[in-house]
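In what follows, a structure is listed as structure tokens, so that the remarks can point back to it.
The values are calculated or read from the model by the stated rules, or taken from the named source; none is laboratory data. Note that the structure is predicted; figures quoted are calculated from it, not measured. Ideal geometry is used to build each Cβ from the backbone, glycine not excepted, and the neighbour counts take in all protein chains shown.
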Amino acid sequence: MAENQKQDQDRKMLRIRINDQDLTVPEGITILEAAHGIGVKIPTLCHLDLHDLQLHNKTASCRVCMVEVGDAIRNKLVPACVTKAYDGMVVRTDTLRAITARRMAVELLLSNHPNECFTCPKNLECELQALADELNVREIRWEGERMDYPKDLSSDAIVKDSNKCIYCRRCETACNVVQTCGILSGIGRGFDAFVGPFFNIPMVETSCTYCGQCVQVCPTAALTEAYHVDKVWEALNDPDKHVVVQTAPAIRVALGELFGMEPGTIVTGKMVTALKRMGFDAVFDTDFGADLTIMEEAAELIYRIKNNKTLPILTNCCPAWVKFIEHQFPELLHVPSTCKSPHIMFGTIAKTYYAEKKGLDPDNIVVVSVMPCIAKKAEAKRPELTKDENNNVDIVITTRELGAMVKEAGIEFDRLPDSEFDRPLGEATGASVIFGTAGGVIEAAVRTAYEWMTGETLENVEFEQLRGMEGVRKAAVRIGDQELKIGIASGLGNARVILEEIREGKADYHAIEIMACPGGCIGGGGQPYHHGNDEIIKKRREAIYQEDRRKKIRKSHENPEILELYRKYLGEPFGEKAHQLLHTHFEKRERI
Amino acid sequence: MAKVRTNIMVCTGTGCLANESEKVIRNLEVILKARGYAEEVQVIKTGCFGFCEQGPIVKIEPDNVFYVRVSPKDAKDIIDEHIIKGRRVERLLYVEPKQKEKINRQEDMPFYKKQLRVALRNCGLINPEDINEYIARGGYEALGRVTTEMTRDQVIEEVKKSGLRGRGGGGFPTGLKWEITKKQESDVKFIICNADEGDPGAFMDRSILEGDPHSVLEAMAIGGYAIGADKGIIYIRAEYPLAISRLNTALKQARELGLLGKNIFGTNFSFDIDLKYGAGAFVCGEETALINSCEGKRGEPNYKPPYPAEEGYWGHPTCVNNVETFANITPIIMRGAEWFASMGTEKSKGTKVFALAGKINNVGLVEVPMGITLREIIFDIGGGIPNGKKFKAVQTGGPSGGVITEEGLDTPIDYESLLERGSMMGSGGMIVMDEDDNMVNIAKFYLEFTMDEACGRCVPGRIGTRRIFEILQKITDGKATMADLDALKQLAYMVKDSSLCGLCQTAPNPVISTMKYFWDEYLAFIKDVDHPRGEGKYTAENKAEIKS
Amino acid sequence: MTVKTLDELRKIREEHLDRVRLREDGEAAGDKIEVLVGMSTCGIAAGARETVNRFVDLLAKERLDSVKVVPVGCIGYCHSEPTVQVNVPGQKPVIYGNVKENKVQEIVEKHIKGGKPVEALILHVDFKRP
């Protein structure tokens, strides 16, 4: 930090003028940044600069931030988002020429946009819509041809509606630069240009991991999640069905944003109340599945260490990450843990242990997962994750879809009282809560592995060395006389770095946690839109750790319901029955 | 056969024959024989010099003296005075009407001085697949001198002094571009030849690459030496298979002679060139789009800065020059910057190749010194408008330029004067229109081209050009109102103002300039105004006439 | 062989100088006649390849071994493609336009064999090379 400040001091200072205000700014700063500093707002659309997520979209293509630079004799319009200040620069953001150019850019975009805001999934969340309002667009003078591409509904996770693509390329940057998947890129030329997979093949045929980072940054509804709200309503209204719901750890720290609450507000209790009022037969917690995952994963880790099996072990809670390794590193499929992901484990237990316990026919149980994630939708449909033609999980909805359902149900969320999750599958520990943020899974695993390996009680459960917003983190944890080397990567580009190390035999780790989304599940593709504000993700992260601290039990292997599950039903962790129910396998996939 | 010292060339074109040039020849031959000069002086019948109104024409080579209106009885003086005594026959020299000054050298005469082939110097003269012929024309001497006798700064200084500017259209001073690239601190630099010629109807670069590939290779090596690059790339569209094949042959031959490769001319300068093929997108002629395409990325421009000279191919300092620009380098080194700078105008030096097309008699390539007027190009060199039609306008700068009308014909051509007229130099396309052409249709034609060729990256380029085209379509369909014309004007300026790269910033130029000079032709299509020429409103009946 | 000095380059130049001199101004000794055919894309499209083939065939048939056919680039006279330049030592080179296949015989007969250019096909050339 001190070093940064020193660098700032070493930077050359420039004197510039914006709308008659004189200011001094450091060299390298853009007009947009300089104007922001003095309270002059310049509209933007394609521009996106998410420092913490390492996502910088600087295509300068929408021309919505044009400002006038120069003097009375010679001046020109420049894009404020990428134009750097120079000494003596004179900028005007408020000339007729600049205002007209900015408004006309939006007008042109709207002239090639389906005017269906009422029924659009991004209604009131759309940045183009907001901009049209902000720039006082009152008519669209240009009639003419519009893009006319069919919607891509091929995948279970992502819907691509290219007619709404404004070609800002944010998704392309997220997909290629941040996630290094290379699925989305500009195709077509001129008026026909839009972003899609090469030759515009259906998404389902690509190597897309469905991480949903493209959806998270899309300013319009060109990329959205597959919408499964109606399926949930149907199940809830089917008297023959026993509908159980589970919510992932990251939901409770983000759902409130959809109801105008401050980012980072913890709404666990209100969420449970809302779900109960909506008519779910049981409201459970994916955290239970997370505790179960730790039991299996920690056992697997210890087994691999003791028996000199493949190390490092890779966590595989994240289905986007699993699909990534299947497509991109098929030669490394023996490395990840074989555990199912927490919500799938939960689904399995709901349809076996819970069904038995309650005397229910598993065929009549509907498991709904509320996930911060889009990839979970596709994961639930993987063939190997159905048992006797029964889905482990039947329906997956995102945080945003849950918010929409709560609104539709007429529930005034902010006025709800708190409730507790139902038993037995609603019991969870602090260890499982932190699954929601990058580094959390591995920290939870370490809490358990520590006690199992040393036989000692772990006093301080908080491992600061495993926490942070960096894309790649390397840390060591001393467990007895052994040093456990840990790697943490969030974001698939960062995962690629670590996987390449492993492939080249240069990796020196015992365990690695990988999450597809930068920052982990709190920054997932199914979370409320951050609209370019990465502070929101930091606040969710704080809330996750706060929720952990609030829990009395903070180690997975101390979860009494989990212990009972093993005692009565599963037997030993990583044992035969556990293997049968809680573990899975991967398959090589083509890279397309 | 004895060595012939002097040739007396007598025009035997139809015009001169009618003026007794056969008799002139006979007399010359008789007198030469009588004086004993028959062996060393030869009388040659030549084809038409194209200067028939001054015939018969007699030219003495190698003295390069040009006699006009030679009658049979003048033969005696030509031999006795010129051949034997070496004195010019003053009364037979050509007198330029305006200057009343006697001119005796062919290239000084208005007709002939109009074309001067510097960039095209070897085209049509040498076998492009034989490096020896290029060398025989002085080829690779410049590279030899540069690498063995000049410092990098001296080379740059020479190019700067010559005043050479980018021939691809932008007109950025070439020497300055080299200097900026040279100054970048980097171990790896590139020099790229932009051979992505894309203007409709323009083929200057193709002609050079097909007719004289070594001139580009040699110049690239000189540029590489100057900026500190050991690697060159020629980005050429795959639609130029013959140029590609000749370049490959030329590269092979140059490497075999060690004129490309390691330790050129025994120095520690090494340089080689790769070809990269483009898929023919017009926008890839924009240098940042070209570099993206070279890297295997989508061919679309980036925001500048950073300029390629700072961050270009794979992030390294890169100098991108056009084919014709390179073709001028070797003559500058060989003949000196002063020679080059002696041609042209104050700010635009040297010559420029244009591709003449449209309603003009002599369709083809011409190379003229900067500063020549459009009138001279179109009427003197191009032979004027066919079928006795009236000249209406000429489009320079291809789809990025604008129209120039009768009143602009006498403007001396250079980068600035064309810009002032609302057009631009561009890469050298020149399309002539006659009285039958409707200017709204012309504008629509160009917009259709740029609309299709725009990469789509920026909003004005992607949607704006399409909307401009659609309004033009509406106008020519007779469905537009005055409000549409206003909208068109506003949109054209917005696209010019706001687009990301040069392609779409200049795309509205054909519309803006035709609206400026031919407003009445726009109005003629508008349904809610009276026709300004009193011909009444647009009707279905006159549609065909107006649109033709 | 590689060129390592300017002198070596100039030696190559000297060796081949006659050829280009002949083309520039006809100033060359010997009896080697050259036929240059503009073989750029445009010329080929206009039939230059057929023209070249015809020249080669006819010259072989007539056993005119001293005549060489050379493909060259274009001179930009699109309006008169294919273009052909005939270089006879000691004579100013003659450029012909619109030399389609069927015009070749006349040029071979009258100009190459008979020494008299084919007036009707002559193209007046209005440019200068430095």
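Can you tell me which residue within segment B:112-137, out of those that are of a type in the set (A, V, I, L, M, F, W, C), within 7 Å of chain C (Cβ to nearest Cβ) and touching a strand residue (DSSP E or B) at 6+ places or on another chain (Cβ under 9 Å), is surrounded by the fewest Cβ atoms within 10 Å (Cβ to Cβ)?
B:L116
Among the listed residues A:R304, A:R277, which satisfies the condition of being free of Cβ contacts under 8 Å to residues at least 40 places away in the same chain, surrounded by fewer than 24 Cβ atoms within 10 Å (Cβ to Cβ) and in a helix (DSSP H, G or I)? Before the answer, list the steps.
On the way: A:R277 fails: free of Cβ contacts under 8 Å to residues at least 40 places away in the same chain.
Residue meeting the stated conditions: A:R304.
Taking the conditions exactly as written (away from chain C (no Cβ under 14 Å) and out of contact with any Asp or Glu (no Cβ under 8 Å at 6 or more places or on another chain)), does B:G168 satisfy them or not?
When the stated conditions are applied, B:G168 does not pass them.
If the requirement is being under 22 Å from A:K377 (Cα atoms), modelled with pLDDT under 95 and touching a strand residue (DSSP E or B) at 6+ places or on another chain (Cβ under 8 Å), which of these qualifies: A:T286, A:T315? Quick ask: steps written out before the conclusion?
Values: A:T286 fails: modelled with pLDDT under 95.
After ruling out the rest, the residue left standing is A:T315.
Search segment B:139-155 for residues that are at the interface with chain C (Cβ under 9 Å from one of its Cβ atoms) and on the phi > 0 side of the Ramachandran plot and pair each with any residue that is of a type in the set (D, E, K, R) and in a helix (DSSP H, G or I) when their beta-carbon atoms are under 6 Å apart and the residues are at least 6 apart or on different chains.
Sorted first by the residue in segment B:139-155, then by its partner, the pairs are B:Y140/B:E218.
Just to be sure before I move on: is B:A243 farther than 20 Å from C:G43 by Cβ and among the hydrophobic types (A, V, I, L, M, F, W, C) in the structure I sent?
no
Being in contact with a helix residue (DSSP H, G or I) (Cβ under 8 Å, 6 or more places away or on another chain) and modelled with pLDDT under 70 is the filter here; which residues of segment B:93-146 pass it?
B:E96, B:K102, B:Q106, B:E107, B:P110, B:F111, B:Y112, B:K113
Taking only pairs six or more apart or across chains, which ones have beta-carbon atoms under 6 Å, a first residue in segment C:1-17 that is within 7 Å of chain B (Cβ to nearest Cβ), and a second residue that is surrounded by fewer than 17 Cβ atoms within 10 Å (Cβ to Cβ)?
Every condition considered, the pairs that remain are C:K4/B:G266.
Whether any residue in segment B:145-157 is buried (at least 24 other Cβ atoms within 10 Å of the Cβ) and not in a helix (DSSP H, G or I) is what I want to check.
no
Which number in (1) crowded, with 18+ Cβ neighbours inside 10 Å; (2) more than 19 Å from B:L120 (Cβ to Cβ); (3) at pLDDT below 95 marks the one condition that B:G344 misses?
Of the numbered conditions (1) crowded, with 18+ Cβ neighbours inside 10 Å; (2) more than 19 Å from B:L120 (Cβ to Cβ); (3) at pLDDT below 95, the odd one out for B:G344 is (2).
If you go through segment B:372-383 one residue at a time, do you hit one that is in a strand (DSSP E or B), touching a residue at least 40 places away in the same chain (Cβ under 8 Å), among the hydrophobic types (A, V, I, L, M, F, W, C) and within 12 Å of chain C (Cβ to nearest Cβ)?
Scanning segment B:372-383 turns up no residue that is in a strand (DSSP E or B), touching a residue at least 40 places away in the same chain (Cβ under 8 Å), among the hydrophobic types (A, V, I, L, M, F, W, C) and within 12 Å of chain C (Cβ to nearest Cβ).
Can you go through A:G264, A:G260, A:G212 and tell me which one is surrounded by fewer than 24 Cβ atoms within 10 Å (Cβ to Cβ), of a type in the set (G, A, S) and closer than 30 Å to A:G493 by Cα?
On the way: A:G260 fails: closer than 30 Å to A:G493 by Cα; A:G212 fails: surrounded by fewer than 24 Cβ atoms within 10 Å (Cβ to Cβ).
Exactly one residue qualifies, and that residue is A:G264.
How many residues does segment B:352-370 hold that are farther than 17 Å from B:G426 by Cβ, more than 8 Å from chain C (Cβ to nearest Cβ) and under 14 Å from the mean Cα position of the chain (by Cα)?
Number satisfying all stated conditions: 1.
Only one of (1) within 18 Å of A:K231 (Cβ to Cβ); (2) crowded, with 18+ Cβ neighbours inside 10 Å is not met by A:K381, so which one is it?
(2)
What number of residues in segment B:491-515 are assigned to a helix (DSSP H, G or I), more than 18 Å from B:F525 (Cβ to Cβ) and out of contact with any Cys (no Cβ under 8 Å at 6 or more places or on another chain)?
Of the residues in segment B:491-515, 8 are assigned to a helix (DSSP H, G or I), more than 18 Å from B:F525 (Cβ to Cβ) and out of contact with any Cys (no Cβ under 8 Å at 6 or more places or on another chain).
Report, by residue number, each residue of segment A:67-85 that is in a loop (DSSP other than H, G, I, E, B) and under 38 Å from the mean Cα position of the chain (by Cα).
Matches in segment A:67-85: A:A80, A:C81, A:V82, A:T83, A:A85.
Confirm whether B:I244 is within 23 Å of B:G299 (Cβ to Cβ), touching a Cys at 6+ places or on another chain (Cβ under 8 Å) and either surrounded by fewer than 24 Cβ atoms within 10 Å (Cβ to Cβ) or more than 11 Å from chain C (Cβ to nearest Cβ) (or both).
no
Filtering segment A:104-127 down to residues that are away from chain B (no Cβ under 14 Å), of a type in the set (S, T, N, Q) and part of a loop (DSSP other than H, G, I, E, B), which residue is surrounded by the fewest Cβ atoms within 10 Å (Cβ to Cβ)?
A:N115
Could you tell me how many of the residues in segment C:18-43 are without any contact (Cβ under 8 Å) to a residue 24 or more places away in the chain and either among the charged types (D, E, K, R) or more than 7 Å from chain B (Cβ to nearest Cβ) (or both)?
Kept after step one, since they are without any contact (Cβ under 8 Å) to a residue 24 or more places away in the chain, are these residues of segment C:18-43: C:18-21, C:41.
From what is left, the residues that are either among the charged types (D, E, K, R) or more than 7 Å from chain B (Cβ to nearest Cβ) (or both) are C:18-19, C:21.
Of the residues in that region, 3 qualify.
Could you count how many residues in segment B:230-241 are within 12 Å of chain C (Cβ to nearest Cβ) and in contact with a Lys or Arg (Cβ under 6 Å, 6 or more places away or on another chain)?
1
Could you count how many residues in segment A:506-560 are part of a strand (DSSP E or B) and not small (G, A, S)? Give the steps one after another, and end with the answer.
Pass one, segment A:506-560, residues part of a strand (DSSP E or B): A:511-515.
From what's left, not small (G, A, S): A:512-515.
Residues in segment A:506-560 being part of a strand (DSSP E or B) and not small (G, A, S): 4 in total.
For segment A:241-260, give me each residue that is part of a loop (DSSP other than H, G, I, E, B) and closer than 23 Å to A:D548 by Cβ.
Once the filter is applied, which keeps residues that are part of a loop (DSSP other than H, G, I, E, B) and closer than 23 Å to A:D548 by Cβ, segment A:241-260 yields A:A248, A:P249, A:A250, A:I251, A:R252, A:V253, A:A254.
Looking at segment B:290-306, which of its residues are crowded, with 18+ Cβ neighbours inside 10 Å and more than 12 Å from chain A (Cβ to nearest Cβ)?
B:L290, B:I291, B:S293, B:C294, listed by residue number.
Does segment A:9-17 contain any residue that is surrounded by 21 or more Cβ atoms within 10 Å (Cβ to Cβ) and over 37 Å from the mean Cα position of the chain (by Cα)?
yes
Which of the helices (runs of 4 or more DSSP H) found entirely inside segment A:400-505 contain at least 2 residues meeting this: farther than 30 Å from A:Q328 by Cα?
Those helices (runs of 4 or more DSSP H) span A:430-433, A:440-454.
Counting residues that are modelled with pLDDT under 95, which helices (runs of 4 or more DSSP H) fully inside segment B:203-265 reach at least 2? Steps first, answer last, please.
Working: elements: B:204-211, B:213-227, B:241-256.
By residue number, B:204-211, B:241-256.
Kindly establish whether C:P117 is more than 10 Å from every other protein chain (Cβ to nearest Cβ) and buried (at least 18 other Cβ atoms within 10 Å of the Cβ).
no
A:T95: in the same structural domain as A:G28 (by TED's automatic domain parsing) and surrounded by fewer than 16 Cβ atoms within 10 Å (Cβ to Cβ), yes or no?
yes
So which residues in segment B:166-188 are crowded, with 20+ Cβ neighbours inside 10 Å and either closer than 21 Å to B:R206 by Cβ or among the polar types (S, T, N, Q) (or both)?
Passing the criteria: B:G166, B:R167, B:G168, B:G169, B:T174, B:T181.
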